[in-house]
Structure formats: structure tokens, C-alpha cells
Amino acid sequence: MNDCRVVVIELPAGKRSVADTLIQVDMQLESLLSFDGETLVVLPENFACCSRDNHDYEILSRSWNSAIDSLGKLARKHDVYLVAGTLPEYEEGRFYITSAVFDKSGRLIAKYRKINLFKALVGGVLYDEGSFYTPGTETVTFTVGHVRVGIAICFDLRFPEIFAKLRQQGSDIIIVPAAFTRRTGLKHWHVLLKARAIENQLYVVGAGLNGTSQDGYECYGHSLIIDPDGNVVTEALEINDFQIIEHKIDLELKLNIRKCMPLTAKL
């Protein structure tokens, strides 16, 4: 029972209640075939609310406790580890973009607060998460069976030092919940995820939103799983709907690649 599979549930961009979203996620999990090992399920960034209006995130943050309870119950029901993409979290007067992690008993075992907040002018539209959110300060890893998992969120993908630190902390996989815009996704999504996998010789899992939100936030989708040699082993279809991709993690592949090409930075 040492095997581990990663399952990404890609969602369409939109503004939904957590309860309505989890009904859909529950249905997707019901469709999974049984697996003799551990299952790690990853949801995208902003999986319950993708919006240009920060007031929507402020409202959603008020349901943090009930959302955590519901997500834990979902993990326990399906006997899976669950990375709940991101939810807006409010604490001591500050808002954070937070990824919550649950074990298969439904217990909250880790939280990662996005360190690098998105700020860019894309197609004439200014995005500035720092005008509302506070950045996190700590990298986070957790364990699924014999597999060590690190977390980065969306814009973190452009900062290789975070991924290098997660490798140093023993990560076999780094998961990246994201809501890449379509414009930036077309240019950078695949190449950045591949680069992070190749330079760190580990699996990288991108979990994205697809389609366009009600207020015009156009997402790229294309959730994918990349092996430690930079190969895309599975990728979501370009559709505006709920869908699943999955892959069994091969730790021997990671070890062999590192053995054949040891990478030790000398500065």
C-alpha cells in the first residue's frame, strides 16, 4: 500500500457557494475507480469563487469555518487526502489566499498562504492581489503515505527559489493550484511547470480553472501532471466543465533521474 496517485479536479471559473461546488466535486470523486494505495486530490485556486471583485472574497471568507468542516467531511467520505485549492482566509485584520490540506480522516493537517501575490497588467487589465491580500511567509510540505508533497500557488510558479526550497525540504511532488489567465497561460503555463519539474527533478502538478467567470475573468485551464523528466503525462481537455485527470506517482523514476544527473548548485 505504498503507491500514491494524484487526482486533479478541474473546475469552470465562476462564483458558487462552497456547498454547491462540493456537490459537484463529490460527484467527480464518485466516478473514480478504486485504487490500492493513497489518493491525493487537488482542486484549483479560487475553486469556489473566481471574481474581479474583492468584496466577493470578503464575503466568502466569512464561511471559512463551515467550508473547512465540509471539505474535511468530503475527504473522509472518499478516503482521500484533499488539497482545497485556495479559499480566502481572514485572520487578525488581514486576508490571505490559503490552501487547506486534509488527510483521509478529514483532519486539517496543513495550510499554505500564497507568498507571491499576482500583480500584472494583462491585456490592459491590472491585476493586483496585494491591494487586498497579505502575502504568506512560509513554505509548506506534508506527507501522503511515503510521498512528500510541497505546495505553491499560481504566481509562485514564476519564482524558482520557492520550488528549490520545497525540494530541499524533501518534496517528491509539488502541487500548484492556479487560476492562470488565458493570455498568460497560453504563453507561460506549460513551459514554467516543465521548467520547475526538470530543474528540481520531481513531479509538478498544475490544477487550473477553465472557462470565463461571470465578470469576465478568462482562465486557461489545461491542468496537467509533469514527471521528473519534464514529460507531460496527462493533461485536461480544453472544455468549460468539470473534469478529472490522474496519474500514479513513480518514486523510482524520480530517484533514477536524480542518480543519473545529480544536480547540486554551487554558488
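The values are calculated or read from the model by the stated rules, or taken from the named source; none is laboratory data. For clarity, every value in this text was computed on a predicted model and none was experimentally measured. Here the Cβ is made from the backbone with ideal geometry for all residues, glycine too, and neighbour counts use every protein chain on show. Ligands, DNA and RNA are excluded from the accessible area calculation, which covers all protein heavy atoms including side chains. Shrake-Rupley method; radii C 1.70, N 1.55, O 1.52, S 1.80 Å.
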### Query
Regarding Glu92, is this residue open to solvent by 40 Å² or more (accessible area, probe 1.4 Å) and either in contact with a Cys (Cβ under 8 Å, 6 or more places away or on another chain) or at positive phi (or both)?
yes
### Query
Give me the pairs: first residue in region 87-108 and of a type in the set (A, V, I, L, M), second residue assigned to a loop (DSSP other than H, G, I, E, B), beta-carbon distance under 6 Å, and six or more apart or on different chains, which are they?
Ile97/Thr86; Ile97/Lys114; Ala100/Ala84
### Task
Please name all residue pairs, on different chains or six or more residues apart, with Cβ atoms under 9 Å, provided the first residue is in region 129-153 and is in contact (Cβ under 8 Å) with a residue 40 or more places away in the chain and at positive phi and the second residue is in a loop (DSSP other than H, G, I, E, B) and open to solvent by 40 Å² or more (accessible area, probe 1.4 Å).
Gly145/Met1; Gly145/Asn2; Gly145/Asp3
### Query
Going by the conditions given, is Tyr96 more than 18 Å from Ala178 (Cβ to Cβ) and under 16 Å from the mean Cα position of the chain (by Cα)?
no
### Query
Is it the case that some residue within region 125-132 is in contact with a Ser or Thr (Cβ under 8 Å, 6 or more places away or on another chain) and modelled with pLDDT under 95?
yes
### Message
Test of understanding: among Lys77, Lys15, which residue is in contact with a strand residue (DSSP E or B) (Cβ under 7 Å, 6 or more places away or on another chain), of a type outside the set (Val, Ile, Thr) and open to solvent by 10 Å² or more (accessible area, probe 1.4 Å)?
### Response
Lys15
### Query
From the list Arg167, Arg148, Arg183, which residue is open to solvent by 50 Å² or more (accessible area, probe 1.4 Å), touching a strand residue (DSSP E or B) at 6+ places or on another chain (Cβ under 7 Å) and outside any strand (DSSP E or B)?
Arg183
### Message
Within region 55-69, take every residue that is part of a helix (DSSP H, G or I) and buried (at least 16 other Cβ atoms within 10 Å of the Cβ) and give me the one that is farthest from the chain's Cα centre (by Cα).
### Response
Asp56
## Note on the structure
Those residues of region 242-267 that are open to solvent by 80 Å² or more (accessible area, probe 1.4 Å), of a type outside the set (A, V, I, L, M) and part of a loop (DSSP other than H, G, I, E, B) come to a total of 3
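With the condition kept exactly as written, say whether any residue in region 39-54 is free of Cβ contacts under 8 Å to residues at least 40 places away in the same chain, open to solvent by 10 Å² or more (accessible area, probe 1.4 Å) and more than 14 Å from the chain's Cα centre (by Cα).
Within region 39-54 (the criterion being free of Cβ contacts under 8 Å to residues at least 40 places away in the same chain, open to solvent by 10 Å² or more (accessible area, probe 1.4 Å) and more than 14 Å from the chain's Cα centre (by Cα)), the answer is no, since none of the residues qualifies.
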### Residue in region 118-131 that is farthest from Ser66 (Cα to Cα), counting only those that are open to solvent by less than 60 Å² (accessible area, probe 1.4 Å) and out of contact with any Phe, Trp or Tyr (no Cβ under 6 Å at 6 or more places or on another chain)
Gly123
